[in-house]
Structures are given as structure tokens and as C-alpha cells.
Amino acid sequence: MRKYMIGALAFSCYLVFAATVAGLKKEDQLYYFAERQYFTFFSALILAFTSLVSGMTSGLYRKIQSGYPKFNFWIISSVGFFYLCIDEFFSVHEGMDRAILRSFGQDPRAVNFDGWLLGGLGVVGLYIAYRFRREVSQHKDFLFLFVAATLFFAGMVLADQLVAEGFPWGIIEEAFKILGVTFFFAAYSTVLRDLHQHLLMGISKK
């Protein structure tokens with residue numbers, strides 16, 4: 001697990017550092033953290049890979065265990081991370097929060113609802129993890145990294161709601177986001193690793 005955690009930390013720190021330094025050339029440290037810039041692209045890409053890994057995990061489980069349910073935690077996670085990938089790249093939730101606020105007669109520019117909407121998605125994710133806690137608790141490395149990723153995600157939501165926009169607070173918020181994204185990828189990768197090793201052991205015994 002250690003190498004997965006170190007890899008996630010190192011990659012996240014590199015992305016934040018590279019985006020900040022590149023932004024200095026534009027005389028705006030937050031330039032490359034904006035929507036549809038390179039930082040968002042990498043975040044969406046990692047979410048896409050997490051969706052793929054989770055889907056592969058579901059497939060391996062069904063291959064290893066006869067009668068393993070089609071509707072399982074891993075396939076739900078795969079769908080969820082695919083949505084988050086699309087949301088990250090196309091800013092779907094920002095359009096949703098504006099529509100919700102307008103439906104209640106509120107000015108979207110006057111209320112910062114964006115973070116709470118993301119927080120609501122996080123609560124849904126935690127409920128799903130709790131609902132399938134027997135599957136989740138079988139993988140200790142996954143559980144540790146998943147909890148860490150959830151805490152980083154919570155830090156992003158709180159930073160979005162509680163601190164002012166601009167440098168350096170905007171970078172802190174984005175750092176929490178990329179840490180959460182990379183730790184989720186690391187968490188799901190450990191499960192795929194374990195299942196792959198189990199499958200190889202089964203083949204070698206034959």
C-alpha cells in the first residue's frame with residue numbers, strides 16, 4: 001500500500017507545482033487551474049481511469065466467484081466515477097447548481113451552492129460504501145486509501161465554502177481535489193492488484 005500512497009502524493013504535488021509555475025508565466029497562478037485547463041484535464045483523466053479500474057474489478061470478481069452479483073459496489077463505483085469524469089471536464093454540476101438556485105428564485109451569483117452540491121454527491125457515495133460495507137471491508141488497503149481520499153474530498157468542499165477565492169486559497173482547494181482523485185485511483189488499484197494476484201495463484205495451482 002505504501003507505494004500507492006507515495007505515488008498518489010507525489011503525482012498530486014507534481015501537478016499542483018507544475019500548474020502553479022506554468023501560471024506564473026501567464027501572470028496568474030490560477031490560470032491552469034481554471035475549468036478545461038490542463039489541471040482539470042488530468043483530474044478528469046484520473047477519474048476515467050478509476051472508473052475503468054473499478055469496472056475491471058467487478059469483472060474479475062464475477063470471474064473468480066461464481067454467482068457474484070452483477071449489481072455490486074465496484075460496478076456502481078465505475079458508473080459513479082465515469083459521471084464525475086464527465087462532470088469534471090464539462091462542469092455539469094455548475095450548471096445544476098445554477099438551475100437549482102434559479103428554481104428557488106435565487107441569484108446564482110449571490111450564493112455559493114457549488115460546494116454543497118459536491119458535498120451531497122459525496123454523502124451519496126459514502127452511503128453506497130456503507131451499504132456494501134461487507135465487500136469494502138475485505139480490502140484493508142482499499143479501506144485506508146478510500147478514507148484518506150474521502151477526507152481530501154471533504155477538505156475540497158470545505159475550502160470551496162469557507163475560504164476566499166484567488167491565490168493561494170484557490171490552489172489549496174484544487175490541491176485537495178487532486179489528492180482526493182489520485183487517492184481514489186490508488187484505492188481501487190489495490191483491489192484490482194489483489195484480485196489479479198488471486199487469479200494468477202489459481203492458474204498456477206492448476
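Quick note: the coordinates plus some simple rules give every number you see, no bench work behind them. From a predicted model like this one, the values you see are computed outputs, not experimental measurements. Glycine gets a Cβ as well: all are built from the backbone with ideal geometry, and neighbour counts include every protein chain shown.
Axis of helix 140-162 versus longest Cα principal axis of the chain: the two differ by about 10°, to the nearest ten degrees. Mean separation of Cα pairs under 8 Å and 6 or more residues apart, divided by the residue count, gives the chain a relative contact order of 29 percent. Evaluated at q = 0.08, 0.18 Å⁻¹, the base-10 log of the normalised Debye intensity for the chain, with identical point scatterers placed on the Cα atoms, takes the values -0.31, -1.29. Relative to the longest principal axis of the Cα atoms of the chain, helix 73-90 runs at roughly 30 degrees. Among the trypsin sites (Lys or Arg not before Pro) found in the range 112-164, not one is both in a DSSP coil and sparsely packed, with 13 or fewer other Cβ atoms within 10 Å of its Cβ. The count of lysine pairs in the chain with alpha-carbon distances below 24 Å, taking only pairs 8 or more places apart or on different chains, stands at 9.
For the chain, the longest principal axis of the Cα atoms and the long axis of helix 92-103 meet at an angle of about 60 degrees.
Here the extension length gained between Tyr38 and Lys63 equals 5.3 nm, from 0.36 nm per residue of separation less the Cα-Cα distance. Under the simplified labelling scheme, the Tyr130-Val21 pair shows an inter-label distance of 4.4 nm, with each label point 7 Å from Cα along Cα→Cβ. Taking GluC sites (Glu not before Pro) in DSSP loop states with no more than 13 other Cβ atoms inside 10 Å as exposed sites, the chain has its longest site-free stretch at 36-164.
The range 18-91 and the range 140-203 have Cα centres spaced 11 Å apart.
The phi-based Karplus calculation (6.51 cos²θ - 1.76 cosθ + 1.60; θ = phi - 60°) puts the 3J(HN,Hα) values of the range 31-39 at 4, 7, 8, 5, 4, 6, 9, 5, 5 Hz, whole numbers, x for Gly and Pro.
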